[in-house]
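Accompanying notes for the structure given below.
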């Protein structure tokens, strides 16, 4: 799967500079991160609704759309598939393969990211 994600991500990056009238991907970059996030959320909802209705083929098709929109958003945010896969590997080492971070760990991680963000932007904690 990581090879497919890498190829998708590379294609997204290559399409970024194309003519927005000819490239859906380029148009998303032109429209900005809010539009990208909206499209990602729409696709996630469609996957969820199709799953609830047990529409296997629709889940497959909508999941591909979801991954495409995720790759576009990653590219805009400077996130690579390798960085996400690295986080999955890190979590596997700590919590096991199919586990999500416990809520307490997510809260601690969010606090660390907030502190780091503040340091990068010259915001003090006082």
Practice prompt. For residue 38, work out the one condition from (1) modelled with pLDDT under 95; (2) in a helix (DSSP H, G or I); (3) exposed (fewer than 15 other Cβ atoms within 10 Å of the Cβ); (4) out of contact with any helix residue (DSSP H, G or I) (no Cβ under 8 Å at 6 or more places or on another chain) it doesn't fulfil.
Written response: (1)
Worksheet item: Out of 8, 28, 73, which single residue is out of contact with any strand residue (DSSP E or B) (no Cβ under 8 Å at 6 or more places or on another chain), farther than 26 Å from residue 88 by Cα, part of a helix (DSSP H, G or I) and in contact (Cβ under 8 Å) with a residue 40 or more places away in the chain?
Response: 28
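The values are calculated or read from the model by the stated rules, or taken from the named source; none is laboratory data. These numbers were taken from a predicted model, which means no experiment stands behind them. Methodologically, a virtual Cβ is constructed for each residue, glycine included, from the backbone with ideal geometry; neighbour enumeration extends over all protein chains shown.
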